[in-house]
Amino acid sequence: MFTKEEIEELVKAKIESDEKLGEQTAGSGHLSYVSYKLMDFSSKEMPDNNLQIDYNYSTFVETEFTYEPDNPPYEYNHKKRIFITSEKVIIKEEEIFEKSESEPTECTKEDWDKVKEEIMKYIEIFLAKIEWNYGENRAPIKYPPELYELFSEEIGIEYCCKIEMDLGGDEKLYFKSENPFELLTEIKTEFMKRFP
């Protein structure tokens, strides 16, 4: 249907349309530069002459304070899947999430504990890297975030995170997912958009 080179060009075009690339100015007035690297991709033919493409890439955010090796660029890893027609029209897209190694269908308490630790570490690194550059040693968010579980008969367990903003209002960010690994990805994606 398509050559490997054509698929690579389709994937790159998709990434470049999804991500905010190039020079950015954050709310604090500091500059950053966002770039990406395509790690790998694969494809397989589907019914109705459609094509499924899975691809992995990383986005990198360099700031005025980026320097190796002590303060390297932020790196965000993405795994995505798109379905395209023979006319190169994307008919569906989704993120790919890693399943728990211990149980293929259900998340365990150990999974949740691991993700909670990763979320705390991610936010701590985020706060350290921005160096509280929102005036008078202020950060855009309050620390620590609130991590908790909700249970309902319809959905089952949902993993949740509440982060209070600290920019002069009472805004809060709420994240929830049935999969704790997806929760971490949602937080990273939102931070990437809000604080480039």
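No lab work stands behind these numbers, since they all come straight from the coordinates. Fair warning: this is a prediction, and the values are worked out from it, not measured in the lab. FYI the Cβ positions are ideal-geometry reconstructions off the backbone, even for glycines, and counts take in every protein chain you see.
If you bin every alpha carbon distance in segment 4-95 into 5 Å steps from zero, what whole percent lands in each bin?
In whole percents, the pair-distance histogram is 3, 12, 22, 19, 14, 11, 9, 6, 4, 1, 0.
So, counting K/R as plus one and D/E as minus one, what does the shell of residues with Cβ under 13 Å around Pro73 add up to?
Working: positive: Lys37, Lys129; negative: Glu62, Glu64, Glu68, Asp70, Glu75.
Cβ neighbours under 13 Å give a net charge of -3.
If you take the beta carbon distance between Glu94 and Asp70 as r and set R0 to 30 Å, what does 1/(1 + (r/R0)^6) give as a FRET efficiency, to the nearest 0.05? Don't skip to the answer; put the middle values down first.
Values: r = 37 Å, r/R0 = 1.22.
Given R0 = 30 Å and the Cβ-Cβ separation, E is 0.25.
Mind pulling the angle between the C-alpha long axis of helix 4-18 and the longest principal axis of the chain? Nearest 10 degrees, somewhere in 0 to 90.
Roughly 30 degrees between the two axes.
Calculate the spin-label point distance for Asn50 paired with Asn77, positioning each point 7 Å from the Cα along the beta-carbon direction, and give it in nanometres.
Between Asn77 and Asn50, the label points sit 2.8 nm apart.
Round to the nearest 10 and give me the degree value, 0 to 90, for the angle of helix 109-130's Cα axis relative to the longest principal axis of the chain.
So the inclination is approximately 70 degrees.
Using only C-alpha positions, report the orientation-averaged shadow area of the convex hull of segment 109-194, nm², one decimal.
5.9
Need the full-extension length gain, Glu118 to Tyr148, defined as separation in residues times 0.36 nm minus the C-alpha distance. One decimal, nm.
9.4 nm
Which translational diffusion coefficient, to the nearest whole µm²/s, is obtained for the chain from the Stokes-Einstein equation, given a Kirkwood hydrodynamic radius over C-alpha pairs, 10 °C and 1.306 mPa s? It would help to have the intermediate numbers written out before the result.
Values: Rh = 18.9 Å.
Roughly 84 µm²/s, to the nearest whole number.
With everything on Cα atoms, drop me the angle between helix 180-194 and the longest principal axis of the chain, reported from 0 to 90° to the nearest 10.
70
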